[in-house]
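Asks: Here it is: the structure, laid out below.
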Amino acid sequence: FAAANDQNAIGQIWQHSQPLQMKLAAGLFNDQSLYAKVLAKTLDGEQSKQHREILEERRRYRYRATIEAAVATLDDAVAFNDKQRQTIIQMLVDKTNPPQSFGQQDYFLVLYRLSTLPQDDLSQVLDVRQRKLLAPQLEQGRSMKHNLIQNGIIAANE
């Protein structure tokens with residue numbers, strides 16, 4: 001390919017593929033899909049309620065797994081003990097909501113959500129050294145808010 005050496009061509013290909021990647025990351029069976037529209041017409045009221053509950057349970061389960069993976073990654077930099085790790089995971093599960101969609105930015109979502117927790121809560125769990133080591137990651141999480149909104153991962157009012 002001649003385009004392999006042309007950075008502008010590569011950039012254009014990347015730019016054209018972004019919307020497709022975002023749709024794929026949002027899921028093939030999201031609320032606007034043909035599947036969702038047919039399902040809404042097929043299920044009765046009780047079945048729809050049960051389906052929504054199952055989907056919400058799955059979303060919460062995946063969110064917890066996402067949090068656990070992100071905290072494990074943060075552990076490399078901050079060196080949490082087990083009690084700290086479990087407390088931070090539980091704080092995020094209890095005090096934040098699952099995202100509207102999951103995808104490639106899950107780690108940054110957790111950093112953002114961690115940055116929104118009251119600093120007093122983190123101060124009770126982490127020592128001064130750990131808070132200092134965590135500060136750059138929290139700043140990175142805060143800086144990702146616009147990107148998370150733009151990609152439909154979180155709502156604008158979060």
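The values are calculated or read from the model by the stated rules, or taken from the named source; none is laboratory data. Quick caveat: nothing in here was measured; it's all calculated off a predicted structure. For neighbour counting, all protein chains shown are included, and Cβ atoms are generated from backbone atoms with ideal geometry for every residue, glycine included. Side chains included, ligands, DNA and RNA excluded: accessible areas come from the protein's heavy atoms. Shrake-Rupley method; radii C 1.70, N 1.55, O 1.52, S 1.80 Å.
Asks: In the chain, what percent of the accessible surface is made up of carbon and sulfur (1.4 Å probe, ligands and nucleic acids excluded)?
Replies: 55
Asks: As a test of reading the structure, rank Ile88, Ile54 by solvent-accessible area (1.4 Å probe, protein chains only), most first.
Replies: Ranked list, largest accessible area first: Ile54, Ile88.
Asks: Also, I was wondering about something else. How high is the FRET efficiency between Val38 and Ile13 when r is their beta carbon distance and R₀ equals 41 Å, given to the nearest 0.05?
Replies: 0.75
Asks: Picking from Ala79, Ala36, Ala69, which is most flexible by a Gaussian network model of the chain using Cα springs under 10 Å?
Replies: Result for the chain, Cα springs under 10 Å: Ala36 fluctuates most.
Asks: Something else now. Solvent-accessible area of Lys95, probe 1.4 Å, all protein chains present, reported in Å² to the nearest ten, please.
Replies: That residue has around 110 Å² of solvent-accessible surface.
Asks: Still on this structure, please answer the following. Can you tell me the accessible area per residue over the chain, all protein chains present, probe 1.4 angstrom, in square angstrom?
Replies: Per-residue accessible area for the chain comes out at 68 Å².
Asks: Another question, then. Given DSSP loops and a limit of at most 16 other Cβ atoms within 10 Å, what is the longest stretch of the chain that contains no such chymotrypsin sites (Phe, Trp or Tyr not before Pro)?
Replies: 30-158
Asks: Mind checking which helices in the chain clear 24 Å along their axis (Cα) and have mean Kyte-Doolittle hydropathy of -1.0 or more, DSSP H runs only?
Replies: Span-like helices, by this rule, are 7-26.
Asks: Still on this structure, please answer the following. Given the chain, what count of lysine pairs have C-alpha atoms under 27 Å apart, with each pair 8 or more places apart or on different chains?
Replies: Qualifying lysine pairs in the chain: 12.
Asks: Solvent-accessible area of Leu39, probe 1.4 Å, all protein chains present, reported in Å² to the nearest ten, please.
Replies: Looks like 40 Å² after rounding.
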